[in-house]
Ligand code: GLC
């Protein structure tokens with residue numbers, strides 16, 4: 001017996017014309033039209049390849065208007081928008097859909113709310129370093145409250161693309177290199193975005209992305225091929241997406257890349273066999289921007305019509321801005337090339353999601369008044385500041401930090417004085433002017449300081465640097481990356497610092513003053529010189545709206561840093577991809593010549609996965625490992641051996657010593673964060689289910705193989721206690 005909602009949707013589909021059905025699959029973006037002859041996309045290319053300057057581009061944009069294709073909307077040819085981020089516009093368009101189309105089907109508004117909407121939080125890679133699902137959920141809930149107040153129904157997030165190659169710019173958008181952390185991060189975000197009931201006005205649909213394995217692009221090059229064994233795909237990449245589906249994500253965005261030669265956008269095995277048949281996903285799929293059309297570029301579709309056919313057959317419900325469905329589906333169905341039922345199934349899922357959001361009964365979930373009173377609330381800023389302090393990783397500290405208020409400080413580096421850069425990549429709903437830079441925070445807190453960019457027009461201002469440093473007790477230098485250097489289409493062949501930034505740091509080191517480097521970046525950086533020569537290094541990432549205040553909280557010890565890296569830092573770009581859960585090989589890297597290593601680079605990473613310092617110290621003892629029923633149970637004593645309270649992220653790794661396929665030397669299987677007072681000890685317990693210790697054999701059977709397993713527990717993936725036990729799984 002069909003439930004009422006299904007009956008209503010089926011009845012509605014029965015009334016719809018072919019055009020109206022296809023209209024529901026069309027996600028439009030506002031086009032920019034203005035006093036320029038070329039298309040907006042061409043204009044963008046002209047700016048990126050330098051044919052016009054950013055100023056000229058800005059001037060042209062100032063004349064541009066947004067075209068929302070209202071006539072298409074009135075004709076019932078638009079089911080959704082991407083990129084409408086304010087209540088006034090959303091309600092205006094919704095009113096056209098509800099009052100001026102034949103059937104009054106409400107619109108679905110999607111937007112990239114990746115790490116906050118207007119209250120921008122640290123980039124996901126930063127926030128993942130908190131190892132804190134409760135925090136991740138809270139920040140997602142906040143961004144859902146803000147974004148839905150601005151008329152948004154669905155976010156194209158969380159992104160849980162496991163990323164092991166720091167050359168890839170989009171490593172900034174996920175939870176780093178580890179499978180378990182990406183899954184936990186994504187599940188927490190899904191729960192935070194969607195809340196308990198999608199029909200609530202502040203519930204926002206989570207559109208999990210990018211399905212699948214987008215982070216494994218060859219050579220870290222964006223959009224590049226992904227070619228891997230099914231064993232590795234199922235063991236290291238798919239589980240993070242599965243965790244989000246299990247958490248209830250109601251939408252999925254396939255990835256731009258191909259997977260073993262078949263683009264995800266037209267990959268029926270991925271979108272139907274795995275996602276729907278095996279995982280039971282019943283929500284909608286939304287293509288990535290223009291991705292259906294790009295199947296022609298991939299060379300798997302002869303033309304746009306073929307791309308439309310392949311995408312619908314593979315299971316793409318909604319076409320994001322390529323227009324390929326709008327142009328071709330009617331003809332394909334009328335010619336009998338594809339069955340109308342395939343279209344009806346996609347329409348059904350889209351209408352069902354709109355019904356779950358309550359849009360048929362309440363198409364206007366917000367208004368301008370609500371929006372005004374919701375955006376950037378003080379409590380949101382406070383949460384963004386908390387998230388930022390929990391995301392910043394103390395990489396080195398030779399008795400320089402925390403600072404004290406008597407010290408005179410001199411600050412160098414334009415990144416210390418650029419609030420716009422604090423948003424990081426994919427912060428399209430944020431405003432730079434809302435963000436607090438490091439210099440602005442010093443002003444706001446009345447802390448005496450001297451500031452100089454250090455580099456002026458690409459030249460080191462050595463005289464000014466030395467003069468200013470002379471007056472200071474401690475010197476802070478802000479270096480790293482602009483936000484445009486990470487995110488989409490931002491892969492790099494060299495992830496070391498620009499030479500002039502190194503020169504700035506070395507100039508300051510030569511003054512003999514204690515130097516603190518604050519890194520602003522969206523990916524791991526190869527910083528061996530900084531790591532060797534600078535006594536204190538804080539990894540701040542792109543920390544969001546409360547950047548400056550959070551950095552000062554850490555520098556002055558108001559907050560004791562507790563974050564740990566979720567992505568490995570290499571000595572050199574040439575080590576990429578570099579990650580902790582590698583396999584041993586037949587000749588594990590070591591001192592003797594004929595082993596797996598580089599002649600010109602150290603074997604170990606600069607900073608290992610899971611690494612991060614505190615202003616206190618922690619010691620581990622008494623690791624015990626035993627089996628019970630269906631799990632391995634571990635206990636370990638952790639002590640705060642320092643003189644101030646602090647949080648420690650205790651990590652539990654495992655190695656299957658012998659199996660039919662080579663297994664990673666370490667895999668994260670559990671972690672817990674614990675707050676300890678000075679001198680306090682605690683015995684912590686972990687359980688690792690037997691089922692989490694298996695792997696796929698060559699026949700793709702998932703099996704648990706008896707034998708020796710080593711368990712590692714520690715404050716990072718390198719410095720651990722370990723015990724080896726024999727598991728029979730009996
Ligand atoms: C982009 C990105 C995707 C984003 C989408 C919509 O190309 O790949 O992550 O959600 O377009 O803006």
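Side notes on the structure shown:
- Taking the fewest neighbouring Cβ atoms within 10 Å as the starting point, the ordered list for 105, 316 is 105, 316.
- Shape parameters for segment 379-555, alpha-carbon atoms, Rg then Dmax in Å: 15.2, 45
- Each Cα pair under 8 Å and six or more residues apart adds its separation to the average, and for segment 193-318 the resulting relative contact order is 23 percent.
- Sorting 430-440, 116-126 by their mean Cβ neighbour count within 10 Å, with the most densely packed peptide first, gives 116-126, 430-440.
- Cβ-to-Cβ counts within 10 Å put 579, 241, 348 in ascending order as 348, 579, 241, the fewest first.
- Its Cα gyration tensor gives the chain an equivalent ellipsoid. The semi-axes, each the square root of 5 times an eigenvalue, are 43, 33, 24 Å from largest down.
- Full-stretch length increase - residue 95, residue 722 - with 0.36 nm per residue and alpha-carbon distance subtracted: 219.4 nm
- From helices alone, the chain scores -8500 deg cm²/dmol at 222 nm; the rule is -39500 (n - 2.57) for each run of n ≥ 4 DSSP H residues, then divide by the residue total.
- Its alpha carbons considered, segment 169-213 gives a radius of gyration followed by a Dmax of 12.2, 35 Å.
- Full extension of the chain between residue 500 and residue 4 yields a length gain of 171.9 nm, computed as 0.36 nm times the residue separation minus the alpha carbon distance.
- Antiparallel DSSP beta bridges within segment 379-555, percent to nearest 5: 25
- Fully extending the segment from residue 631 to residue 680, taken as 0.36 nm per residue of separation minus the present Cα-Cα distance, adds 14.8 nm.
- Spacing of the two label points (7 Å from each Cα toward its C-beta) at residue 660 and residue 598, in nm: 3.6
- Fewest-first ranking of 627, 374, using other Cβ atoms within 10 Å as the exposure measure: 627, 374
- Highest to lowest packing among 640-652, 224-236, scored as the average C-beta count within 10 Å: 640-652, 224-236
Since every read-out is calculated from the coordinates, none of them should be taken as a lab result. Predicted model, so just to flag it, every value in this text is computed and none were measured. With ideal geometry, Cβ positions are generated from the backbone for all residues, glycine too; neighbour counts draw on all protein chains shown.
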